[in-house]
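No lab work stands behind these numbers, since they all come straight from the coordinates. Being a predicted model, the structure only gives us computed values, none of them experimental. As a convention, Cβ positions derive from the backbone with ideal geometry for all residues, glycine included, and neighbour counts pool all protein chains shown.
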Amino acid sequence: MGGLKQEVEDVYAASGRTRYCYSSKDKQQERAMAMGAEEDGGRLEMGELIPGLPDDVAMECLARVPSRSHRRMRRVCRGWRGAVGSTEFRRRRRAAGAAEDIVFLVQAAPPAGGGGKGSMPECALAAANLTTGEWRRVMGPVPLFAQCAAAGDGRHVAVVGGWDPDTLRPTSDVRVLDVPAGTWRRGRPMPDTRSFFGCSGGGGDGCVYVAGGHDASKNALRSAFAYAVAADAWRALPDMAEERDEPQLVAAPGGGVIAASGYPTEAQGAFKKSAERYAAGAAWMDEGDMVPDAAETCLASVRGNVWAVGAGKGGVREWDGGARAWREVADGPPGVKKCVKAVGVGDGAAVFVFGTVADGAAEGGGKYSAWVMEAGGAPWKRVPVPSGFAGFVYSAAAVRI
């Protein structure tokens, strides 16, 4: 968390400008892609998908095609577009063992043209396919310090807010990625603009939650909102009991979200250990002093529970909400000095961690590396990070395709 403040200071120190604009032609293309992506509504209209094969057999064949080709498959014919966008297609991929786990990262990226001293940092959205080992840029540039979250519907990832790099002012922009279709649409803007808010999916309710952060006057906020991705609609939630600037938001067991840590206006940078929980239709409820080592620990939703991931022996713990206590699960990733971001992957069956390592210990001599650990107690596995994707990570989301 402390690294985030350093990144902000670097931005203020930079004097260059980054191109960040969208032409009317871009917007028209987005609208057209969004209409094509959503018009099937997840339904499967059966026809002759592959000439000479029963449709049931054809679906088994299509379901095994790697996700990198799904966008091209949608362009073959209306039948294939409907198949790739259907819930039956996703079900068959999982049943066949062909599902792929993809982690989306909003991270610092090398400026266009290589940049130089005084140039403005850029952020981009990267996709790390943990199944195939492929890394690629999905979108860039994106607003500085933007948040990304999976809606929990197995389909959508939203990129929310951040700072416009031309003006260094917060933006309320929302963009929604239909992951299986590989298409983007603009979402309804956030009801207000804020910086360094918490953002998370709600664990399967199709919503992305936003809470806390600070306003233009650097006042820490208690307000929160929920964005229903399918309906493209925001709704206000009850205010949190405490102001929380730079909180961590994580899906809560049974639905809703937990807002943890952060700090009030009068205590800048003094991260608290307290947390509170929101469940649909209820007020925020106190969860007690939930966050160990608040500035050094990353929270993630794993196998339906909240995990805290940090460095060293006993660095991975699971929260017991009934007892309001942590249970040790495993040691932290080997060689990690500090966890930067953690997210549950594989529908919560594993955890992905991006963190700092000793100088020169990362791939290519960088300072960041990544790991994955299955929730059942398997050892940590190092995830190779290509040199072009070794920037600081501001937010992360995961989807199984």
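What's the center-to-center distance, using Cα atoms, between segment 227-269 and segment 44-100 in Å?
For segment 227-269 versus segment 44-100, the Cα centre distance is 37 Å.
How charged is the neighbourhood of R64? Take every other residue with its Cβ under 10 Å from the Cβ of R64, and add Lys/Arg as +1 and Asp/Glu as -1.
+1
So who's got an amide H within less than 5 Å of the one on D245, skipping anything under 5 residues away but keeping other chains? H placed 1.01 Å off N, in plane.
G213, L221, Y263
Count the lysine pairs in segment 254-401 that are 8 or more places apart or on different chains: how many have C-alpha atoms under 20 angstrom apart?
For segment 254-401, qualifying lysine pairs total 15.
Could you tell me the relative contact order of segment 242-401? Use alpha-carbon pairs under 8 Å, at least six residues apart, and round to a whole percent.
14
Considering amide H positions built from the backbone, and no H for Pro or chain starts, which residues 5 or more places from S395, or on another chain, come under 5 Å of its amide H?
V106
Check which residues have an amide H placed less than 5 Å from V142's amide H, if you skip close sequence neighbours.
It is C123, A124, L125, by chain and number.
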